[in-house]
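Encoded as structure tokens, the structure appears first; notes follow it.
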Amino acid sequence: MGTYKKFLDFFKNGNYFAVYCKLAYIQDKNGLRFVETPSGQMVNIFLLKDINSSFRIQPNNQLQVNYAAYPQPRSLTEFLD
């Protein structure tokens with residue numbers, strides 16, 4: 001998903017909005033094809049601060065987000081803690 005330290009610096013510098021978009025797709029013989037998620041959407045957009053707490057910080061400085069986990073509304077302060 002990207003370098004988490006850049007996001008933390010972005011938020012700590014007083015910025016608030018960073019959008020996270022989840023797209024569902026499958027690969028077939030023609031390439032990638034977008035598909036609906038179990039909730040019936042092809043795209044799910046929410047604020048990065050609301051990603052599910054099941055995300056992990058990988059050794060290569062990347063965030064790994066569980067695609068199937070639903071967003072968790074929280075304040076920016078709660079996210080940074």
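Let me confirm something: among Val19, Val65, which residue is out of contact with any Leu (no Cβ under 8 Å at 6 or more places or on another chain) and β-branched (Val, Ile, Thr)?
Details: Val19 fails: out of contact with any Leu (no Cβ under 8 Å at 6 or more places or on another chain).
Testing whether each residue is out of contact with any Leu (no Cβ under 8 Å at 6 or more places or on another chain) and β-branched (Val, Ile, Thr) leaves just Val65.
Considering each residue of the range 25-46, count those that are aliphatic (A, V, I, L, M) and modelled with pLDDT under 80, and give that number.
Within the range 25-46, the subset aliphatic (A, V, I, L, M) is 26, 32, 35, 42-43, 45.
Filter again for modelled with pLDDT under 80, leaving 42-43, 45.
Matching residues across the range 25-46 total 3.
So which residues in the range 1-50 are under 16 Å from Glu78 (Cα atoms), part of a loop (DSSP other than H, G, I, E, B) and touching a residue at least 60 places away in the same chain (Cβ under 8 Å)?
Correct list: Tyr16 only.
Out of the residues in the range 66-81 meeting the condition of being under 19 Å from Phe10 (Cα atoms) and out of contact with any helix residue (DSSP H, G or I) (no Cβ under 7 Å at 6 or more places or on another chain), tell me which one is surrounded by the most Cβ atoms within 10 Å (Cβ to Cβ).
Among those residues, the one meeting the criterion is Glu78.
Confirm whether Val65 is in contact (Cβ under 8 Å) with a residue 60 or more places away in the chain, under 17 Å from Lys5 (Cα atoms) and touching a strand residue (DSSP E or B) at 6+ places or on another chain (Cβ under 9 Å).
It is true that Val65 is in contact (Cβ under 8 Å) with a residue 60 or more places away in the chain, under 17 Å from Lys5 (Cα atoms) and touching a strand residue (DSSP E or B) at 6+ places or on another chain (Cβ under 9 Å).
The values are calculated or read from the model by the stated rules, or taken from the named source; none is laboratory data. A quick note: this is a predicted structure, and the numbers were derived from the prediction, not measured. Every residue, glycine among them, receives a Cβ derived from its backbone with ideal geometry; neighbour counts consider all protein chains shown.
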